[in-house]
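What follows is a single structure, written as structure tokens, with notes after it.
The values are calculated or read from the model by the stated rules, or taken from the named source; none is laboratory data. The structure presented is a predicted model; accordingly, all values stated were derived computationally and were not measured. Every residue, glycine among them, receives a Cβ derived from its backbone with ideal geometry; neighbour counts consider all protein chains shown.
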Amino acid sequence: MDFVRLGRTDQQVSVAGLGCGGHSRLGMASGASSEQASELIRRAIDLGINFLDTAMVYGTEEAVGLGIRGTDRSKLFLSTKSWVGKGGAETKPEKYTPAEFTANLDASLKRLGTDYVDLYHFHGVSHDQLGHVHEVLLPEVRRQQQAGKIRFVGMTEMFRFDTAHTMMQAALPQGEIDVVMIGFNLLNPSARKAVFPLTLQHDIGTLIMFAVRRGLNSVEHTIEAVAKMIDKGDLDPASINPADPLDFLRAAAGVKSQIEAAYRFCRYEPGAHVILTGTGSAAHLEENIESILAPPLPPELSAKLAAIFGDCSSASAD
Ligand SMILES: NC(=O)c1ccc[n+]([C@@H]2O[C@H](COP(=O)([O-])OP(=O)(O)OC[C@H]3O[C@@H](n4cnc5c(N)ncnc54)[C@H](OP(=O)(O)O)[C@@H]3O)[C@@H](O)[C@H]2O)c1
């Protein structure tokens, strides 16, 4: 495993992080038990991963707690989250009060079987929730930090809806957040212009989600994702083969698969620290770690991807 300094947290974390949410939720989305999911956590730790990302709403915190039981807690970097509003960002829901937000934290700590988290995120924040975050919830989070329950403060975006990072662009200059989680992938590299200059300027730790997601995990899904980009006028159809948009990538010398290329694409982006990989399969986990540790894509391939997708910002690849 390779380790990297996570921005101003000054902590060393594994460049590959295990995402315990996403469509797989450690396999629990397709019926795996907490015990089976916890085996994946132990396998990830054995493979050198020390960064584990979960959330109150994933339903995987118990499995993480089970998986880390008996390991040296101080060697792990645990990340979890709470929505800012009671139904997430999607329906402009009622917002959590400070007391409710802390009750969510306490419940997460209990499920994880630990008395502190390394990183506590405001989860899936929308632009119109930012005022509530800064004015109402952040002072409470600072109190919980003082109480030793939280080491660093994080924020994640709702990339499915905010594919051009409008919330992050407003939040980051305020300078309160230690670590962010952003969507970034080869179909939508818009964070390169919209987010990384800010994270680098403020020395903010940066976690990458959606490196593969659904839109890049099979050729069929990529065809669907690219068709939507063309429909939205985000991508020039003349620039690719719509019947197989990433054929050139898979055909390139030294590229094993489009999934492998997708993780390598993210790993070497300046400003990207941890590349999250979400899976329910130990074999996929091993493969993905190998991809994240593989060398950068050849420069001519990076240039071609930038020429085709460099100005795209509509796809989340969900
Ligand atoms: N707003 C937020 O805060 C937010 C939103 C989304 C995600 N996240 C975090 O980001 C993490 C990463 O996102 P993600 O889980 O979507 O991960 P991802 O790594 O981008 O995509 C994983 C998807 O690809 C499949 N896959 C992975 N490796 C594969 C392989 N080698 N071969 C074939 N299929 C493969 C997985 O299915 P299999 O199970 O079959 O491998 C899964 O469906 C999440 O787990 C979560 O922790 C946060």
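Points worth noting:
- The range 2-40 - residue that is assigned to a loop (DSSP other than H, G, I, E, B) and in contact with a Lys or Arg (Cβ under 8 Å, 6 or more places away or on another chain) and, of those, nearest to the ligand (Cβ to nearest atom): GLY22
- Given (1) surrounded by fewer than 18 Cβ atoms within 10 Å (Cβ to Cβ); (2) more than 20 Å from GLY183 (Cβ to Cβ), index of the condition GLN144 fails: (1)
- For the range 233-263, taking the residues that are within 12 Å of the ligand (Cβ to nearest atom) and of a type outside the set (A, V, I, L, M, F, W, C), the one that is nearest to VAL13 (Cα to Cα) is identified as TYR263.
- One residue stands out among those in the range 263-291 that are over 27 Å from GLY31 (Cα atoms) and of a type in the set (A, V, I, L, M): the one that is nearest to the chain's Cα centre (by Cα), which is VAL274.
- Within the range 110-142, tally of residues that are charged (D, E, K, R) and more than 22 Å from the chain's Cα centre (by Cα): 5
- Only one of ALA243, ALA211, ALA225 that is modelled with pLDDT under 95 and either among the hydrophobic types (A, V, I, L, M, F, W, C) or more than 24 Å from the chain's Cα centre (by Cα) (or both): ALA243
- The one condition from (1) within 13 Å of the ligand (Cβ to nearest atom); (2) within 29 Å of ARG43 (Cα to Cα); (3) touching a residue at least 60 places away in the same chain (Cβ under 8 Å) that GLU287 does not meet is (3).
- Residues that are surrounded by fewer than 22 Cβ atoms within 10 Å (Cβ to Cβ) and among the small types (Gly, Ala, Ser), drawn from the range 25-44: GLY27, ALA29, SER30, GLY31, ALA32, SER33, SER34, SER38
- Some residue of the range 84-100 being out of contact with any His (no Cβ under 6 Å at 6 or more places or on another chain), among the charged types (D, E, K, R), at pLDDT 95 or above and exposed (fewer than 13 other Cβ atoms within 10 Å of the Cβ): no
- Condition met for ILE230 (of a type outside the set (D, E, K, R), more than 14 Å from the ligand (Cβ to nearest atom), surrounded by 15 or more Cβ atoms within 10 Å (Cβ to Cβ) and without any contact (Cβ under 8 Å) to a residue 60 or more places away in the chain): yes
- Matching helices (runs of 4 or more DSSP H) fully within the range 68-182 where at least 3 residues are within 14 Å of the ligand (Cβ to nearest atom) and touching a residue at least 60 places away in the same chain (Cβ under 8 Å): none
- Filtered residues of the range 290-318 (kept if within 16 Å of the ligand (Cβ to nearest atom), in contact with a helix residue (DSSP H, G or I) (Cβ under 7 Å, 6 or more places away or on another chain), more than 13 Å from ASP234 (Cα to Cα) and assigned to a loop (DSSP other than H, G, I, E, B)): ALA294, ALA317
- Residues within the range 185-223 that are in a loop (DSSP other than H, G, I, E, B), away from the ligand (no atom under 12 Å from the Cβ) and either touching a strand residue (DSSP E or B) at 6+ places or on another chain (Cβ under 9 Å) or not charged (D, E, K, R) (or both), tallied: 4
- Within the range 43-65, residues that are more than 24 Å from GLN12 (Cβ to Cβ) and aliphatic (A, V, I, L, M) have Cβ atoms under 7 Å from residues that are assigned to a strand (DSSP E or B) and within 12 Å of the ligand (Cβ to nearest atom) in these pairs: MET56/THR80; MET56/LYS81; MET56/SER82; VAL57/TRP83, counting only partners at least 6 apart in sequence or on another chain.
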